[in-house]
Amino acid sequence: MSTPLSHRFCTAPLMDWSDRHCRYLWRLLSKHALLYTEMVTTGAIIHGDRESHLDFNLEEQPVALQLGGSDPDELARCAEIAEQWGYSELNLNCGCPSDRVQRGRFGACLMEEPDLVAECLGAMKSAVSIPVTVKHRIGIDDMEDYAGLTRFVEAQAQAGIETFIVHARKAWLNGLSPKENREVPPLKYNMVYQLKRDYPELEIVLNGGINTIEACREHLRQLDGVMLGRAAYQNPTLLAEVDSALFDGEPGPTPAEVIAGMLPYIERELSRGQRLNHITRHMMGLFQGVPGARRFRRHLSENAHTAGAGPEVLEQALALVTDAA
């Protein structure tokens, strides 16, 4: 039996960004957010360095693994491995529009093959006891708008999928770069709202263009959850508002308290051979809009990558902000 997870507020899978160091930082800011990994391909798990792709900190929980792939047997095998690894949820990527992903026959191009996706998700679901979900676009290329979306969703619902994370933009697989696909196709929130009205039994989570807690509240009046990506990464203190604003929880920590919480983690990771800048690169936005923020970022940029850099670099950067304040 799947353990229910709250999708009321989620952080998005962000390639090259939402690694385990980033997620540890995010968990300090919010106890209730559901955190997603970067997309990991089935090939990387089956043939690559499994530990580097799958290891996470227990403190991150609940954390969901996003998989990229289109072979039901391989996805089922990776699902079993991920459950044994301790993940709380598995998510199939049907939204990434990059050329590399298309060549691997996964990501947004799979929206053209709803029956194959249903076979993949069904195989994953049969292999594990943890929840299996799907993240997708509202459509791709010249796919019929709402009718095409509902055909895709109905096929996955028939395979037993209950949670759909919907990026409210089409993906244009030819002619737009991945960056342009995040910005150029218009956001169509009303289409996602309509999906929830037509399929009230499904859990519908909205992704795309959400930048504030107030916007989260607005969408949550009509939907089950929201997912934030770049806004959470570029201004991580936004996450400090989540628990009190959306879950009736305690107020989140201040940036200085977050840094205090990161210092023991940094000590631990450095002792395991990690480099300081691999951790602090996720902390650049902690003081966005605060006097001294630029000096904070500059100090980390100039010093965190040097050989032997340790927690003192972060403490020195913090002093530049508190002095300015």
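The one condition from (1) open to solvent by 30 Å² or more (accessible area, probe 1.4 Å); (2) within 19 Å of GLU59 (Cα to Cα); (3) of a type in the set (A, V, I, L, M, F, W, C) that ILE266 does not meet is (1).
Can GLY289 be described as within 30 Å of ARG182 (Cα to Cα) and open to solvent by 40 Å² or more (accessible area, probe 1.4 Å)? Taking the combined requirement at face value, the residue satisfies it.
Inside segment 204-244, residues that are out of contact with any Phe, Trp or Tyr (no Cβ under 9 Å at 6 or more places or on another chain) and of a type in the set (A, V, I, L, M) make up a count of 6. ASP142: over 21 Å from VAL205 (Cα atoms), of a type in the set (Asp, Glu) and not in a helix (DSSP H, G or I), yes or no? Spelling it out, ASP142 is indeed over 21 Å from VAL205 (Cα atoms), of a type in the set (Asp, Glu) and not in a helix (DSSP H, G or I).
Of all the residues in segment 150-199, those that are closer than 17 Å to GLY209 by Cβ, outside any loop (DSSP other than H, G, I, E, B) and among the β-branched types (Val, Ile, Thr) number 3.
Screening ALA147 on (1) on the phi > 0 side of the Ramachandran plot; (2) small (Gly, Ala, Ser); (3) assigned to a helix (DSSP H, G or I) shows it passes everything except condition (1).
For CYS78, the stated conditions do not hold, so it cannot be described as at negative phi, surrounded by fewer than 24 Cβ atoms within 10 Å (Cβ to Cβ) and either touching a Cys at 6+ places or on another chain (Cβ under 9 Å) or outside any strand (DSSP E or B) (or both).
All conditions but one from (1) closer than 27 Å to ASN235 by Cβ; (2) open to solvent by 70 Å² or more (accessible area, probe 1.4 Å) apply to GLU144; the one that does not is (1).
Matching residues to (1) aliphatic (A, V, I, L, M); (2) in a helix (DSSP H, G or I); (3) more than 17 Å from the chain's Cα centre (by Cα):
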{"residue": "ILE46", "(1), (2), (3)": "yes, yes, yes"}
{"residue": "TYR87", "(1), (2), (3)": "no, no, no"}
{"residue": "CYS109", "(1), (2), (3)": "no, yes, yes"}
{"residue": "LYS125", "(1), (2), (3)": "no, yes, yes"}
{"residue": "ILE138", "(1), (2), (3)": "yes, no, yes"}
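In the set (1) assigned to a helix (DSSP H, G or I); (2) modelled with pLDDT under 95, PRO97 fails one condition alone, (1).
For every residue, the table says whether it meets (1) free of Cβ contacts under 8 Å to residues at least 24 places away in the same chain; (2) hydrophobic (A, V, I, L, M, F, W, C).
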position: GLU269; (1), (2): no, no
position: GLY273; (1), (2): yes, no
position: ASN277; (1), (2): no, no
position: VAL290; (1), (2): no, yes
position: ARG295; (1), (2): no, no
position: LEU300; (1), (2): yes, yes
position: ASN303; (1), (2): yes, no
position: VAL321; (1), (2): no, yes
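Evaluate the following for GLY104: is it within 15 Å of the chain's Cα centre (by Cα) and either surrounded by 16 or more Cβ atoms within 10 Å (Cβ to Cβ) or modelled with pLDDT under 95 (or both)? No: the conditions fail for GLY104. Applying the criterion of being under 20 Å from the mean Cα position of the chain (by Cα) and of a type in the set (A, V, I, L, M) to the residues of segment 186-218, the residue that is surrounded by the most Cβ atoms within 10 Å (Cβ to Cβ) is LEU206.
The values are calculated or read from the model by the stated rules, or taken from the named source; none is laboratory data. Here the structure is a predicted model, which means the values were calculated and not measured. For neighbour counting, all protein chains shown are included, and Cβ atoms are generated from backbone atoms with ideal geometry for every residue, glycine included. Accessible surface is based on the protein model in full, side chains and every heavy atom, while ligands, DNA and RNA are left aside. Shrake-Rupley method; radii C 1.70, N 1.55, O 1.52, S 1.80 Å.
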